[in-house]
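Following: one structure in structure tokens, then a few remarks.
The values are calculated or read from the model by the stated rules, or taken from the named source; none is laboratory data. Predicted model, so just to flag it, every value in this text is computed and none were measured. Cβ: placed from backbone, ideal geometry, glycine included. Neighbour counts: every protein chain shown. To get the accessible areas, we keep the full protein, side chains included, count just its heavy atoms, and leave off ligands, DNA and RNA. Shrake-Rupley method; radii C 1.70, N 1.55, O 1.52, S 1.80 Å.
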Amino acid sequence: HTEAALQVGIARLRAGDEQQAERHLRCAAGGGSPEAAYRLATLLDARRPPAPAHELGESAIHEKTECEEWYERAATQGHRRAQVRVGMMAAARGDVVEAARWYRVAAEAGSRNGAFNLGLLLAREGSEPEAVVWWARAADAGHGRAALRLALVHARRGELAEGQRWADRAVALGPAGVTERAARLRDALRQELSA
């Protein structure tokens, strides 16, 4: 039973028994569970050695690992976290088109991380206006780093009140590192507005 195998796999993971967790997750993933495929991929991903550094920025020939195949299986079945992860792996390979495709699929399905990452990718590719749209979606869904990005964009544009509004939002959303940076930006914007 697929759902039972998934639940046993999750329980074994929580208990620290990776070998038994993997066995049950493989059973559930093979039975079509996107959550099991994602959790199996995450388990296998944690075991992967770091990718070797390549000289002169040359890309290496990349064969998909088993964990990537499981992430992709979960992603194609609609698992949003897997979609973001597949996008991240594509971006790491330098495949901007594939990364954008997966981030967009996740973002359109409601993933705030997908929307944030899509915004980052678009900004790097020179499409800041579209990036702002996706960061706003992510921030509206509670993504603090997206709110901070919006505050920075508006401050840079000279839209200080809007920058302060997004900085306030970033302070509220966090996490701690974001809250600290956003508070400094908010205070600087307040000083500039009151000058």
Is there a residue in segment 160-172 that is open to solvent by less than 40 Å² (accessible area, probe 1.4 Å), over 15 Å from the mean Cα position of the chain (by Cα) and of a type in the set (Phe, Trp, Tyr)? yes
Going by what's in this entry, would GLU69 be described as at pLDDT 95 or above, open to solvent by 60 Å² or more (accessible area, probe 1.4 Å) and acidic (Asp, Glu)? yes
Search segment 96-113 for residues that are among the charged types (D, E, K, R) and pair each with any residue that is open to solvent by less than 50 Å² (accessible area, probe 1.4 Å) when their beta-carbon atoms are under 7 Å apart and the residues are at least 6 apart or on different chains. GLU98/ALA90; ARG104/LEU118; ARG112/ALA138; ARG112/GLY142; ARG112/HIS143
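Considering each of ARG104, ARG112, ARG81, ARG85 in turn, give the residue that is charged (D, E, K, R) and buried (at least 24 other Cβ atoms within 10 Å of the Cβ). Break it down into steps so the answer makes sense when it comes.
Details: ARG104 fails: buried (at least 24 other Cβ atoms within 10 Å of the Cβ); ARG112 fails: buried (at least 24 other Cβ atoms within 10 Å of the Cβ); ARG81 fails: buried (at least 24 other Cβ atoms within 10 Å of the Cβ).
Going through ARG104, ARG112, ARG81, ARG85 in turn, the sole match is ARG85.
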